[in-house]
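Engineer: This is the structure I want to talk about, given as structure tokens.
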Amino acid sequence: MGEKIVENYENLSDEAIVSLVCNGDFEAVGVIIKRFYPTILYYINNLCPPEFREDAIQEATLAVYNAIKSFDPEKSNFSTFAGVCIKRSVLSFLKVQNRKKNIPSELLTSLEEIDIADSNSPEKIFFDKNDYQLLTDNIKLELSPLEFKVLQLYISGYRYSVIADRLSLSEKSVNNAMTRIRKKLKQE
């Protein structure tokens, strides 16, 4: 019975079949894809290296389906529109594949060669805490108590207006304090 339905589609134009698909006759999608399969193969065989052909066929087939959904009969005929969609999908697919191939080999490293340090070792935790404390002490030496409070709130993600409210200052005072902080810390 399925072959009789397909035989009925054979006499219809591409536009008529697309209209059927848009009205819910999803069996007609297979008919359109079958009609455009030679076009798909033409672009694949002429543009794609053999190692990409299978994936490119899938992309081009998907392009035909997308062409059905976005076709506007007032702008062109379906055959021309689908051909352009197929060609563009193949070219786009190849562009992506070529980007992947053109990564310089010196940037590629096998996973076995990567030495991932244990970031949670007791020694690392101790030295990180020690380094943090030294940095904090040095910053405290350079900044006034008010500047240090402003810096702490700023680093915590507060805006100037919130810092001003919390410290009972004007925004201009906070801005001036941040300017002094930047100058002092740049000198270090």
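The values are calculated or read from the model by the stated rules, or taken from the named source; none is laboratory data. Bear in mind that the values here come from a model prediction, so they are computed numbers and not experimental data. For neighbour counting, all protein chains shown are included, and Cβ atoms are generated from backbone atoms with ideal geometry for every residue, glycine included.
Engineer: Which one of these is under 30 Å from Asn45 (Cα atoms) and at pLDDT below 80: Asn77, Asn102?
Structural biologist: When all the criteria are applied, what remains is Asn102.
Engineer: Another one. Just need a number here: residues in the range 61-77 that are within 16 Å of Leu20 (Cα to Cα), of a type outside the set (Gly, Ala, Ser), within 31 Å of the chain's Cα centre (by Cα) and surrounded by 11 or more Cβ atoms within 10 Å (Cβ to Cβ).
Structural biologist: The qualifying residues number 5.
Engineer: Among all residue pairs at least 6 apart or on different chains, which show Cβ distances below 7 Å where the first residue, located in the range 66-85, is in the same structural domain as Phe36 (by TED's automatic domain parsing) and the second is surrounded by fewer than 11 Cβ atoms within 10 Å (Cβ to Cβ) and among the β-branched types (Val, Ile, Thr)?
Structural biologist: none
Engineer: Could you list, in sequence order, the residues of the range 147-168 that are closer than 20 Å to Lys184 by Cα and among the aromatic types (Phe, Trp, Tyr)?
Structural biologist: Within the range 147-168, Phe148, Tyr154, Tyr160 meet the criteria.
Engineer: For Tyr37, work out the one condition from (1) within 17 Å of Leu91 (Cβ to Cβ); (2) at pLDDT 90 or above it doesn't fulfil.
Structural biologist: Result: Tyr37 passes all but (1).
Engineer: Taking the conditions exactly as written (hydroxyl-bearing (Ser, Thr, Tyr) and surrounded by 11 or more Cβ atoms within 10 Å (Cβ to Cβ)), does Tyr160 satisfy them or not?
Structural biologist: Yes; evaluated as a whole, the condition is true for this residue.
Engineer: Could you tell me how many of the residues in the range 17-51 are among the charged types (D, E, K, R) and touching a residue at least 40 places away in the same chain (Cβ under 8 Å)?
Structural biologist: Total meeting the criteria: 0.
Engineer: Right, next: Find the residue count for the range 154-170, including only residues that are over 19 Å from Leu143 (Cβ atoms) and either of a type outside the set (Gly, Ala, Ser) or touching a residue at least 60 places away in the same chain (Cβ under 8 Å) (or both).
Structural biologist: Residues that pass the stated criteria total 3.
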